[in-house]
Amino acid sequence: MSRSQQVARPIVRSLQQGRTATTCQSRSIAARQFSSTTSRKDEITRAEPLKLSDIPISPQWTPEQLAKLTSPDLGSRRRRAALATTTHVPFEQMPYQCFQEARKVLNEDRQEKIAQIVAETEKIKRLEAADPSTMRGGEAYKEKRLASLRKHVEELKILADINDPSVKRRFEDGMGDMSKPVYRYLANRRWRAMDHKIIVQRIDQFHIVPDILPKFEPTVDVKMSFRGQVVSPGQFLDSRVTELAPTLRMQVFDKGGRLISVVVMDSDVPDTESDLFTRRCHYLATNIPWDPTKTQLPLRLVGSPSGKTGGELAVPWLPAFAQKGSPYHRMSVFILEQKAGEKLDATKLQELYDGPGRDAFTLKSFRDKFNLTPVGFNLFRTEWDENTADVMARHAIPGADIEFRHQHFKTLKTPRAAKGWEAKRQKPKFKSLWKYTKRIATL
Amino acid sequence: MHLIQLRRPLQRVAASSCRQFAPVLRPTTTFSERFAQLRINSPTCGAAVEGRRYASVKSQGAYKITNKKTLPKKLGAKKTGDQYVIPGNIIYKQRGTIWHPGENTIMGRDHTIHSAIAGYVKYYRDPQRHPKRQYIGIVYNKEDKLPYPVGMARKRKVGLVPTVRKEIVVDQDAIGPSGIPYSVTRHEEIDVAPLMEGGSSKKRAALLADEEPTVFTNGNSVIAALIKQKIRSRQQQEVKKEELRLRLEEELTARKGTRILRLQKDYSYRESNWEIGRLVGDPGTIAGTEKVWSRKAKLRARRKKRNLHFLDYKTRALAKNDRRIQYKKFVWDKRIKMAAARAERATADIEKKAAAAVANEAKTKESKTKDPNKTDTKETKA
């Protein structure tokens, strides 16, 4: 190959690439809605002039008219030039020297990491095959070592891909494959940056932690939407909005499938007889299969025969309501992870918590009884509003006719003789002034 | 009032007129001097009329302004530990936060600690919360100790009394218990000038009818069509605005025509005062009812209005942008769908054609192979 050929090679290659790309694939239509990266021309611009098929057809336009509209002769000089010269170049082959050099460095690093992964996995295999009695620490040492090695491999898997620009791009476009550790890692990092902090703050400021659970650290991203509207944690919601069960948008960040239970409970039910606040179960579903690739869980569809969500419904949705005059009710949504391979008996749960059992619900006992770990949390608040009475009537919930008023405490001051002008003129002698002196609240 | 007091002004006038003669004799006096003498409280006449004067201001040292700094502030604890309190009771008055509000207590504007519940006062420290601060809290049971152990559910009481909820009935009975209506509505016939005979609607109809398919001869015609469309839509909008204005006017006239007479306590029927006032027109619309504002107030109002306008402008612009984005998305989706459909159709066509071609080939082959057979059969038949 001559020197001149060597020089021209990348250009020729890119041109060839462009030609093949245009022939084999007329246009790549990628719907990118959530991208923060700058859009690239290869996705929208086209190498060929506008085709008839590209234009939405209006009944008024005849094909001839359309052909004229789309002809490459129409438009500014710049447009025509752009139409004539744009080619399709894939993201990895963008002809920027710095970019390509950087890619080389990253690739080297990746190969290094992959080699390390291979070495570590071999080490794990060897260790697994080894007899623990030969080791100084015995079985415990072996288990500990294995766990640490596996953790290291997981870290290496993330490190191998974390610097890849295409990985970053795909993640930001929302196209990341959550079954891969690197995308899970990125998603977790993004969640921890803000949403997790908000949830932790809500748990603290609404006293979820001492009131409902003594200790709780959320590890699952749970977002909630009613009627398609995403609600922020702790928001006051109208009782008509919360009449139907919400849809949860959940993201778990650790690998593998599992079964989860979902609980929605009210922790501020006033009980005037005992003068204490009690709890009420508003919803309980169990055995819902979940993994990192799943995102949407419409609570309405859990347990329905045609539902794709799977799982069993133990306690159906009861609309959130608060009687008039009662302070706001915290409606908390808890995601509880079941032990691996353990299925809960939905009928038993129904017996326990449905009907009259709703009022006796406590999350702590539920967690302990069925060996669950709370992992996700979200919450909304509800108050009496103008629609609550209707909602309660529609769902045959009693208690809409009650209004709570503040308890009145007798003053601790000792009674004193009334003083002043009015007090002096209370006698029948001043009967003509009674209209001014008799109707005074303080006397 | 004493007679002497009543007589005083007259006496004064008399006195001043008596003294007039002397200056008249003196030619050198000026006008100002003469007017000074005419003044009622001129020093020359006052002493003679009023007699003896007493001190109206106390002499020095008789009173002094009380020193606010030495006034007792009455700070300190108003309730001791374990004492029963009810909501709102003051527990501690202080300057600054000597004591901090703890469990079930509220701190006021001047750092006064109030109780928020009915219970027993506890003075305590909570090193988990803050290493140095001292707190005042209230507990429900006298035996309880503060602070409560970490991780324990909060102790709360409802403190509410259930009562029957009163439905706020907006629509009252039309007839009172005494059998006469609470209000009487009187519709007065008012001569209203007839509206333009459906002028606006006619105009609008004409505008709508005007729409005709545009012919696209070149790129400029597209733009011309767009401009035309824009102009038409603007005209339509104007027509709509005009219609709205007319409707509002009609409503106002109708309102002026109807009068609601309400039953009063003395069983008379009359309109309420504000309604009578509104008959002339809404406040601000009648000449002379505008508020007379100070210069500053005017400026303030103007600024507010301007800000409002700009805020509104921003929201409008954002809404428009949203609409634009939505429309673009819609168009883009539609295009993608149509392209997909077209591609499918094309592939189907190609497949069909291919199938047809294959079938044709097969037919021709068959016919080629069958021909000798046919002849054979014919031969055999023959």
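The values are calculated or read from the model by the stated rules, or taken from the named source; none is laboratory data. The shown structure was predicted, so the numbers you read here are calculated from the model rather than taken from an experiment. For neighbour counting, all protein chains shown are included, and Cβ atoms are generated from backbone atoms with ideal geometry for every residue, glycine included. Surface accessibility is based on the protein's heavy atoms, side chains included, excluding ligands, DNA and RNA. Shrake-Rupley method; radii C 1.70, N 1.55, O 1.52, S 1.80 Å.
For the range B:74-139, carbon and sulfur atoms together expose 50% of the accessible surface, with a 1.4 angstrom probe and every protein chain in place. Remark on the range A:103-241: ratio of C-alpha radius of gyration to 2.2 N^0.38 Å is 1.50. Straight-line reach from residue B:365: taking Cα to Cα under 24 Å and skipping same-chain neighbours fewer than 8 places apart, the lysines in range are B:352, B:353, B:374, B:378. Distance between the 7 Å Cα→Cβ label points at residue B:143 and residue B:222: 8.8 nm.
Interface residues of the range B:67-92, defined as those losing at least 40 Å² of solvent-accessible heavy-atom surface relative to the isolated chain (probe radius 1.4 Å), are listed as B:86. Give, ordered by residue number, each residue of the range A:404-433 whose 1.4 Å probe accessible area is reduced by a minimum of 40 Å² on adding the remaining protein chains to the chain alone. Residues meeting the cut-off: A:405, A:407, A:409, A:412.
Each residue of the range A:109-126 is assigned a 3J(HN,Hα), and the resulting list reads 4, 4, 4, 4, 5, 5, 4, 4, 4, 4, 4, 5, 5, 4, 4, 4, 4, 4 Hz, derived from the Karplus form 6.51 cos²θ - 1.76 cosθ + 1.60 (θ = phi - 60°), x at Gly and Pro. Rounded, prolate or oblate: which fits the range B:74-139, taking a ≥ b ≥ c as square roots of the Cα gyration tensor eigenvalues, rounded meaning a/c under 1.5, else prolate when a/b beats b/c? Verdict is oblate for the range B:74-139.
What the Cβ-Cβ distance of residue B:266 and residue A:426 gives, at R0 = 25 Å and to the nearest 0.05, is a FRET efficiency of 0.25.
Look at the Cα gyration tensor of the range B:291-345: its axes a ≥ b ≥ c give a/c of at least 1.5 with a/b over b/c, and that counts as prolate.
For the pair residue A:393 and residue B:327, what calculated FRET efficiency results from E = 1/(1 + (r/R0)^6), where r is the Cβ-Cβ distance and R0 = 51 Å, to the nearest 0.05?
Values: r = 42 Å, r/R0 = 0.82.
E(calc), rounded to 0.05, equals 0.75.
Among rounded, prolate and oblate, which fits the range A:97-176 when a ≥ b ≥ c are the square roots of the eigenvalues of its C-alpha gyration tensor, a/c under 1.5 means rounded, and a/b larger than b/c means prolate? In terms of gyration-tensor shape, prolate. A 1.4 Å probe run over the range B:291-345, with the rest of the protein chains in place, finds 99 Å² accessible per residue. In order along the range B:118-135, the Karplus-derived 3J(HN,Hα) couplings, from 6.51 cos²θ - 1.76 cosθ + 1.60 at θ = phi - 60°, round to 8, x, 10, 6, 10, 9, 7, 10, 9, x, 5, 7, 8, x, 10, 6, 10, 10 Hz, and Gly and Pro are given as x. Between A and B, roughly 3500 Å² of accessible area is buried in total, ligands, DNA and RNA not counted and the probe set to 1.4 Å.
In the range B:145-180, the residues whose accessible area drops by at least 30 square angstrom when the other protein chains are added to the isolated chain are B:151, B:153, B:154, B:156, B:157, B:158, B:159, B:160, B:161, B:162, B:163, B:165; the probe is 1.4 Å and only protein heavy atoms count. Between residue A:194 and residue A:300, the contour length at 0.36 nm per residue exceeds the Cα-Cα span by 35.3 nm. Taking amide H atoms as placed 1.01 Å from N in the peptide plane, the amide H of residue B:161 lies under 5 Å from those of A:405, A:406, A:407, each 5 or more residues away in sequence or on another chain. For residue B:64 and residue B:84, the difference between the fully extended length at 0.36 nm per residue and the C-alpha to C-alpha distance is 2.9 nm. Provide the per-residue ³J(HN,Hα) series for the range A:291-306, in order, calculated from phi with Karplus coefficients 6.51, -1.76, 1.60 and θ = phi - 60°, each as a whole number of Hz, with x at glycine and proline positions. Once θ is set to phi - 60°, the couplings for the range A:291-306 become 8, x, 7, 7, 10, 9, 9, x, 4, 5, 9, 5, x, 6, x, 8 Hz. Computed packing ranks the peptides B:243-256, B:289-302, A:224-237 as A:224-237, B:243-256, B:289-302, most packed first, by mean other Cβ atoms within 10 Å. If you count Lys pairs in the range B:74-139 whose Cα atoms are under 18 Å apart, skipping same-chain pairs closer than 8 places in sequence, the total is 7. In the context of the full set of protein chains, residues of the range A:151-241 present 53 Å² of accessible surface per residue (probe radius 1.4 Å, heavy atoms only).
For the range A:138-177, backbone nitrogen atoms closer than 17 Å to the point 7 Å from residue A:105 Cα along Cα-to-C-beta are found at A:160-166.
Out of the total accessible area of the range A:339-394 (probe 1.4 Å, heavy atoms of protein only), what percent is carbon and sulfur? For the range A:339-394, the apolar C and S fraction of the accessible surface comes to 47 percent.
What a 1.4 Å probe finds exposed on the range A:199-282 is 49% carbon and sulfur by accessible area, rounded to a whole percent.
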